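The values are calculated or read from the model by the stated rules, or taken from the named source; none is laboratory data. Computed from a predicted model, the values in this text were never measured in an experiment. Here the Cβ positions follow ideal geometry from the backbone for every residue, glycine too, while neighbour counts run over all protein chains shown.
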2 protein chains.
Amino acid sequence: MPRIALKVQYSGGKFCGCQYQLGVRTVQEELEKALGTFLRSGGRRVKAVFSGRTDSGVHAAGQVVHFDSDGQDLDLWRLCWGLNGILPEDMSIAAAQVVPPGFHARFSALRRSYVYRILNRPQRSALLRHTHSFIPMPLATESMAKAALELVGQHDFAAFKSTNADTTTTICRVEKAELLNLGEGELEFRIAANHFVYNMVRIVVGTLVEIGLGKRPSTDLVDALTGRQRHLAGPTAPPWGLCLESVEYPEELELFTSDSFQESGPNK
Amino acid sequence: MPRIALKVQYSGGKFCGCQYQLGVRTVQEELEKALGTFLRSGGRRVKAVFSGRTDSGVHAAGQVVHFDSDGQDLDLWRLCWGLNGILPEDMSIAAAQVVPPGFHARFSALRRSYVYRILNRPQRSALLRHTHSFIPMPLATESMAKAALELVGQHDFAAFKSTNADTTTTICRVEKAELLNLGEGELEFRIAANHFVYNMVRIVVGTLVEIGLGKRPSTDLVDALTGRQRHLAGPTAPPWGLCLESVEYPEELELFTSDSFQESGPNK
């Protein structure tokens, strides 16, 4: 009964989020259906456990999922290729790897990395409409970048948690938080932490944008961290700018570390 | 009657190419409709002249178009903003500039630059499906890169012209042709020339890919250039990997050279 980890990518626009919900299209449901078909489970559910949820509309370049193959010894190359044939075009499997039975996509994860993309120029772009949040007003990006650095360290993110959120701890250890100006109006906010509360990245970005617009002082981010009240932080930025880039696990697992042709190529 | 140049972007997937054709959706028709609405032309056609055609499915980040505003003095900021409000979401205007009456989007152009994007790894990607051509078999990218360099210079591209093509000259002066390996299986073929024949970039890429797959020797590119027969070159690569990056004009026009907030921001 080997346990297998998958590196899953999806374009979030046509999903009602990650987690299974009755009556709407979710990443989990599409993946479990594809796994059931590939493993010929005969209608029995093959449970896919995600590293964490992503909201409706949020993308993933490196979501990690585990499942148990129920006694079957799988050729990982055939598994990837087969799932990519079954899955809809807005989902794909980048890699698969056998992991120890104690591995858990959510609880074994050490760090999650997200990127939030902003297009900051007067005119919208047809090419970036699905991946960037468009802000036509000039942003003081240097103030935003400086404020972003204040997030690094262990803080209570209660103010950056959506009010209808679950009950996990709001203490997060942020290891990286930086705003990069890539030129031509393209900004990237990159954040990595051991844990994220619900809607955290989008609320952080919403607050940073208000700082950049001059609607609030750059000290507001720290004030919200210490004040722990949702109303102290800014609005929730739109989902389509956000992408779960990667999830990291203990090094000794060597999860998805080999280069792309090795990790799931036919020579494995 | 000022003449105005527009920098136009579009995501090609849902267009039957650039040039007006009865009964199908084209970039030209959508743009001319939007111009007519904005200029209140009362149903009279506002003719948009393109720097060149792009095929069905091909994208543009920097297509250039000119039109005559028929006596109206236009606020360029309002023009951009207005057109971006009228145009469908898969088209946008990045910038607008008044040009001399003798300017012609096609005939004044000195150089066009295209990029062709390839995803070369065993597994497809949901995130790159609209912008990259997917090639799961390993490619000998070094041979491809070396062969690509042979394109630089003035050559007869008759072998790289689609057979149902128009009758312009097949002599093109290629100023840049390079294959870049961006890592994680992402390849970019970048080519700039004074002129391109119909389907040229896609046939060049189709030939390079066959060289990379070992299906043909790397000398085939040069042999096709000298042999001038379509059958000597490879197949036409799919359109969705191709993007018209930019069109360059004489420097004294200073077309779209200022930074994005200046070029069409409200302070202009």
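Every condition in (1) free of Cβ contacts under 8 Å to residues at least 60 places away in the same chain; (2) in contact with a strand residue (DSSP E or B) (Cβ under 7 Å, 6 or more places away or on another chain) holds for B:Leu244 except the one numbered (1). Go through region A:192-247 and give me each residue that's of a type in the set (A, V, I, L, M, F, W, C) and surrounded by fewer than 19 Cβ atoms within 10 Å (Cβ to Cβ). Within region A:192-247, A:Leu213, A:Val222, A:Leu232 qualify. Assess whether B:Ser125 counts as being more than 17 Å from B:Val205 (Cβ to Cβ), out of contact with any Pro (no Cβ under 9 Å at 6 or more places or on another chain), part of a loop (DSSP other than H, G, I, E, B) and not basic (Lys, Arg). It is true that B:Ser125 is more than 17 Å from B:Val205 (Cβ to Cβ), out of contact with any Pro (no Cβ under 9 Å at 6 or more places or on another chain), part of a loop (DSSP other than H, G, I, E, B) and not basic (Lys, Arg). Within region A:152-187, the set of residues being in contact with a helix residue (DSSP H, G or I) (Cβ under 8 Å, 6 or more places away or on another chain) and within 14 Å of chain B (Cβ to nearest Cβ) comprises A:Asn181, A:Glu184, A:Gly185, A:Leu187. Of all residues in region B:12-55, those satisfying the criterion of being more than 27 Å from B:Leu74 (Cα to Cα) and touching a residue at least 24 places away in the same chain (Cβ under 8 Å) are B:Gly12, B:Gly13, B:Lys14, B:Phe15, B:Cys16, B:Gly17, B:Thr54, B:Asp55.
When B:Ser113 is tested against (1) crowded, with 18+ Cβ neighbours inside 10 Å; (2) at pLDDT below 95; (3) within 21 Å of B:Leu253 (Cα to Cα), only condition (2) is not met. For region A:9-42, the set of residues classified as of a type in the set (Lys, Arg) and either more than 17 Å from the chain's Cα centre (by Cα) or outside the structural domain of A:Leu83 (by TED's automatic domain parsing) (or both) consists of A:Arg25, A:Lys33, A:Arg40, listed by residue number.
Scan region A:19-31 and give yes if some residue there is at pLDDT 90 or above, buried (at least 22 other Cβ atoms within 10 Å of the Cβ) and closer than 23 Å to B:Gly185 by Cβ, otherwise no. Within region A:19-31, one or more residues are at pLDDT 90 or above, buried (at least 22 other Cβ atoms within 10 Å of the Cβ) and closer than 23 Å to B:Gly185 by Cβ.
For A:Ser143, indicate whether it is at pLDDT below 95 and in contact with a Ser or Thr (Cβ under 9 Å, 6 or more places away or on another chain). It is false that A:Ser143 is at pLDDT below 95 and in contact with a Ser or Thr (Cβ under 9 Å, 6 or more places away or on another chain). Screening region A:1-111 for strands (runs of 3 or more DSSP E) wholly inside it with 3 or more residues that are away from chain B (no Cβ under 14 Å) and either of a type outside the set (Gly, Ala, Ser) or over 27 Å from A:Ile203 (Cβ atoms) (or both) returns the ranges A:3-10, A:59-68.
Checked against (1) free of Cβ contacts under 8 Å to residues at least 40 places away in the same chain; (2) of a type outside the set (A, V, I, L, M); (3) outside the structural domain of A:Met200 (by TED's automatic domain parsing), A:Glu142 passes all but condition (3).
Residues of region B:33-57 being in contact with a strand residue (DSSP E or B) (Cβ under 8 Å, 6 or more places away or on another chain), charged (D, E, K, R) and surrounded by 14 or more Cβ atoms within 10 Å (Cβ to Cβ), which ones? B:Asp55, the sole residue that qualifies. Annotation: of all residues in region B:50-100 being within 17 Å of the chain's Cα centre (by Cα) and farther than 23 Å from B:Lys14 by Cβ, the one that is modelled with the lowest pLDDT is B:Ala95. Taking the criterion of being among the aromatic types (Phe, Trp, Tyr) and farther than 24 Å from A:Ile191 by Cβ, the only residue of region A:91-118 that qualifies is A:Phe103.
Counting only residues that are assigned to a loop (DSSP other than H, G, I, E, B) and touching a strand residue (DSSP E or B) at 6+ places or on another chain (Cβ under 9 Å), region A:137-168 holds 5 of them. Here A:Lys7 clears all of (1) closer than 24 Å to B:Ile135 by Cα; (2) of a type in the set (D, E, K, R); (3) surrounded by fewer than 14 Cβ atoms within 10 Å (Cβ to Cβ) except the condition numbered (3).
Taking into account only those residues within region B:116-151 that are more than 14 Å from chain A (Cβ to nearest Cβ) and closer than 30 Å to B:Pro250 by Cβ, which is nearest to the chain's Cα centre (by Cα)? Ranking the qualifying residues of region B:116-151, first place goes to B:Tyr116. Scoring B:Glu254 on the criteria (1) at pLDDT 95 or above; (2) on the phi > 0 side of the Ramachandran plot leaves a single failure, condition (1).
For first residues located in region B:63-85 and in contact (Cβ under 8 Å) with a residue 40 or more places away in the chain, partners that are charged (D, E, K, R) and surrounded by fewer than 20 Cβ atoms within 10 Å (Cβ to Cβ) and lie 6+ apart or on another chain with Cβ distances below 6 Å form the pairs B:His66/B:Arg3; B:Asp68/B:Arg3; B:Trp77/B:Lys268.
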